[in-house]
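Chemist: Got a structure for you, questions after.
The values are calculated or read from the model by the stated rules, or taken from the named source; none is laboratory data. Everything numeric here is computed off the predicted structure, so don't read it as measured data. Neighbour counts are summed over all protein chains in view; Cβ atoms, including those assigned to glycine, are modelled from backbone coordinates with ideal geometry.
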Amino acid sequence: MIDNLLSTKDPAKTRSFFRPIIDNINQLQVQGLSIKDRHLKFSFSTMVADNLASHFIGGFQMSFNNRYFCRRCYITQAEKSLPINSIKLRPRTIIHHDSLLQRINANPLESPLMGIVGLSPVVDLIGFHPITSLPADIMHDYFEGVTSLVIMKLLKQASTMRIMTYGKKILSISTDRTIQSP
């Protein structure tokens, strides 16, 4: 069923599929659940999904070869292959995301806009926002080259801060422990 939703271009069909799920989760969040003499409260925080499903649920483009392929930042395909120190990553924010959605709603022919194709099919889920509620997918990030960018950035920052230094055969960490590299 989900595969059919991923291939459909009909937002009404997609929303009707998710409507009972959203209604049930929202009811749990608003009313809670009573079991015997205990009342439990719920709140939604994160949806679990792989990258393709997360892009679908978030209203993002589902092709990772397009210009703005990341739902976390505005890195472009051209920037992906540049050295990390020459890239200024601009993270996506809720405010900017919502303003891009308003532009798409006002002019649907403007979609996709910076990787956003439209409203999330679960927009009515209390506590959900595509920028904060969708998880990272480490395996896809690795295959897309995002993981190596992050690791290089962390290593360069640690080196700049003198937390660690490295030479040909030795990696030195500031705790005065020396680790022999293989």
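Chemist: Of all residues in region 43-87 being under 14 Å from M114 (Cβ atoms) and assigned to a helix (DSSP H, G or I), which is modelled with the highest pLDDT?
Modeler: Filtering region 43-87 for residues that are under 14 Å from M114 (Cβ atoms) and assigned to a helix (DSSP H, G or I), the one modelled with the highest pLDDT comes out as G58.
Chemist: Scanning region 88-126 for residues that are part of a loop (DSSP other than H, G, I, E, B) and among the polar types (S, T, N, Q), which turns out nearest to S54 (Cα to Cα)?
Modeler: Within region 88-126, the match that is nearest to S54 (Cα to Cα) is S120.
Chemist: Which of the residues spanning region 67-102 are loosely packed, with under 14 Cβ neighbours inside 10 Å and either of a type in the set (A, V, I, L, M) or touching a helix residue (DSSP H, G or I) at 6+ places or on another chain (Cβ under 8 Å) (or both)?
Modeler: Correct list: A78, L82, N85, I94, I95.
Chemist: So S111 clears everything in (1) closer than 24 Å to L154 by Cβ; (2) hydroxyl-bearing (S, T, Y); (3) in contact with a helix residue (DSSP H, G or I) (Cβ under 7 Å, 6 or more places away or on another chain) except one condition, right? Which one?
Modeler: Unmet condition: (1).
Chemist: Of all the residues that make up region 41-55, how many are surrounded by fewer than 20 Cβ atoms within 10 Å (Cβ to Cβ) and either touching an Asp or Glu at 6+ places or on another chain (Cβ under 6 Å) or under 24 Å from K13 (Cβ atoms) (or both)?
Modeler: Of the residues in region 41-55, 7 are surrounded by fewer than 20 Cβ atoms within 10 Å (Cβ to Cβ) and either touching an Asp or Glu at 6+ places or on another chain (Cβ under 6 Å) or under 24 Å from K13 (Cβ atoms) (or both).
Chemist: Here is a further query. Which condition from (1) in contact with a helix residue (DSSP H, G or I) (Cβ under 7 Å, 6 or more places away or on another chain); (2) modelled with pLDDT of 85 or more; (3) not aromatic (F, W, Y) is the one that G32 breaks?
Modeler: (1)
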